[in-house]
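First the structure, in the form of structure tokens, and then the observations on it.
The values are calculated or read from the model by the stated rules, or taken from the named source; none is laboratory data. What you see is a predicted model, and the numbers here were worked out from it, not measured in a lab. Quick reminder, even Gly has a Cβ in these numbers, built from the backbone with ideal geometry, and neighbours come from all protein chains shown. Ligands, DNA and RNA are excluded from the accessible area calculation, which covers all protein heavy atoms including side chains. Shrake-Rupley method; radii C 1.70, N 1.55, O 1.52, S 1.80 Å.
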Amino acid sequence: MASRCWRWWGWSARPRTRLPPAGSTPSFRHHFSTQEKTPQICVVGSGPAGFYTAQHLLKNVINTFTQTAHSGRCAFWGNVEVGRDVTVPELREAYHAVVLSYGAEDHRALEIPGEELPGVCSARAFVGWYNGLPENQELEPDLSCDTAVILGQGNVALDVARILLTPPEHLERTDITKAALGVLRQSRVKTVWLVGRRGPLQVAFTIKELREMIQLPGARPILDPVDFLGLQDKIKEVPRPRKRLTELLLRTATEKPGPEEAARQASASRAWGLRFFRSPQQVLPSPDGRRAAGVRLAVTRLEGVDEATRAVPTGDMEDLPCGLVLSSIGYKSRPVDPSVPFDSKLGVIPNVEGRVMDVPGLYCSGWVKRGPTGVIATTMTDSFLTGQMLLQDLKAGLLPSGPRPGYAAIQALLSSRGVRPVSFSDWEKLDAEEVVRGQGTGKPREKLVDPQEMLRLLGH
């Protein structure tokens, strides 16, 4: 919700015999009710995993993110980066339990020659750029080419393609940033290819996002019927969501559109396509070597069945000319603190059902727990499980004993280090300011992208 403004949020917990009035300022804490103990719980993270974990810890008292933040048993502070402004050992000293839910902040590198060339960037950074993440506002993508290649076939890849191809007059009614809209108005990109190592049965996007792309105004899909030969029989046994998705792809690729759809596609000035069975080997430079001019792809074939299916090179190569390359092959988490175990190969914190291995009182949820897979519902279930394990440990007396100062200790540390946390009510002020700024141009909001301007608006 506000992670684009404040990198990591923290939460903590302590009991109260009486809840404060509704609308009281939340802070860095969740609060439990117990009779004799006063457990303090801190959740580090700004996304769904952090909120869902907090929601489960508060249980039936609240049921939405905003209600979680407004609960008298919960407190929130943003503009605090764990690992820089405060360490995990300091949090563990202040709280009975700490839950790390900080997600996957990094993208997976292509690790191929040429990926350092201008004209190549991560899809994550591109999404952050048009969504207003402060750390991505200096991206300045060059959209002067007519063809873009997105390496990956997940929801993020589709979303990037949609933004590149949507007519600006449609985007101006959304909350896309003013700066991004200005660049997109000047874009010359007409064709976007989404490249995947495997085939139609292995795409990672979902049917809702695919349907939006197929119906995108001013754009037509390019799908090669050859890629779908024999697929009708193969999809009979696949799970229903995958079957519906593949059937939509199959119809789009092989069926003749009706008169209305045919006329729409014929008048479309832009196009997007899926290139299957292709693996990137090199980003090709322009003749002067100063920027990306294409991608060299290895042709692949599938070996194995079901979950063991993998793409292997056939030995054939092909070059795909383009002026913009966006890498969308996955995210990965970063180690947050030297004291926290971290599997750098898998990009996760080693854990058993959310309990960090060999570190009592330390937990994790979301992508940093299981890796960057699944959708919001997956994260919700996963986070609830971590919350359940923590509550079990609390009930069993497995958390560190004795009183803990909670946020009072952390507040003193942050103050001594010149860190200015912001509360949820502060975030709501920024939210309201964005809405006001958007009203003048008919947008739902005009996003604030400069952290210093945000702090000035809050009087910090």
### Sorted peptide list for 51-58, 182-189, criterion being average Cβ within 10 angstrom, highest first
51-58, 182-189
### Message
Using protein chains only and a probe of 1.4 angstrom, how many square angstrom of GLU93 are accessible, to the nearest 10?
### Response
130 Å²
### Task
Mind running the shape call on region 107-158? Use the C-alpha gyration tensor, a ≥ b ≥ c as the square roots of the eigenvalues: rounded below 1.5 for a/c, prolate if a/b tops b/c, oblate otherwise.
rounded
### Query
Nearest 20 debye, what's the magnitude of the dipole of the chain about its Cα centre given +1 on Lys and Arg Cβ and -1 on Asp and Glu Cβ?
960 debye
### Query
With all protein chains present, how much of the accessible area of the chain (probe radius 1.4 Å) comes from carbon and sulfur, to the nearest whole percent?
51 percent
### Query
For region 382-445, what class follows from the C-alpha gyration tensor (a ≥ b ≥ c being the square roots of its eigenvalues): rounded when a/c is under 1.5, otherwise prolate if a/b is larger than b/c, else oblate?
oblate
### Message
At 1.4 Å probe size, put MET454, MET357, MET380 in order of accessible surface, largest to smallest.
### Response
MET357, MET380, MET454
### Summary
Counting Lys and Arg as +1 and Asp and Glu as -1 over every other residue whose Cβ sits under 14 Å from the Cβ of LEU143, the net charge comes to +2
### Task
Keeping all protein chains in position, work out how much accessible area LEU430 exposes to a 1.4 Å probe, and write it in Å² to the nearest 10.
10 Å²
### Summary
Everything considered on the Cα gyration tensor (a ≥ b ≥ c; rounded for a/c under 1.5, else prolate if a/b is larger than b/c, else oblate), region 146-298 must be described as oblate
### Query
Under a 1.4 Å probe, what is the accessible area of the chain per residue, stated in Å²?
47 Å²
### Task
Give LYS345/LYS447; LYS59/LYS395; LYS59/LYS429; LYS345/LYS369; LYS234/LYS256 a once-over and call out the pairs whose C-alpha atoms are over 24 Å from each other.
LYS345/LYS447; LYS59/LYS429
### FRET efficiency, 1/(1 + (r/R0)^6) with R0 22 Å, evaluated for ARG301 and THR254 via beta carbons
0.55
## Note on the structure
Under the helix-only model (-39500 (n - 2.57) for each DSSP H run of 4 or more, divided by the residues of the chain), the mean residue ellipticity at 222 nm, to 500 deg cm²/dmol, is -9500 deg cm²/dmol
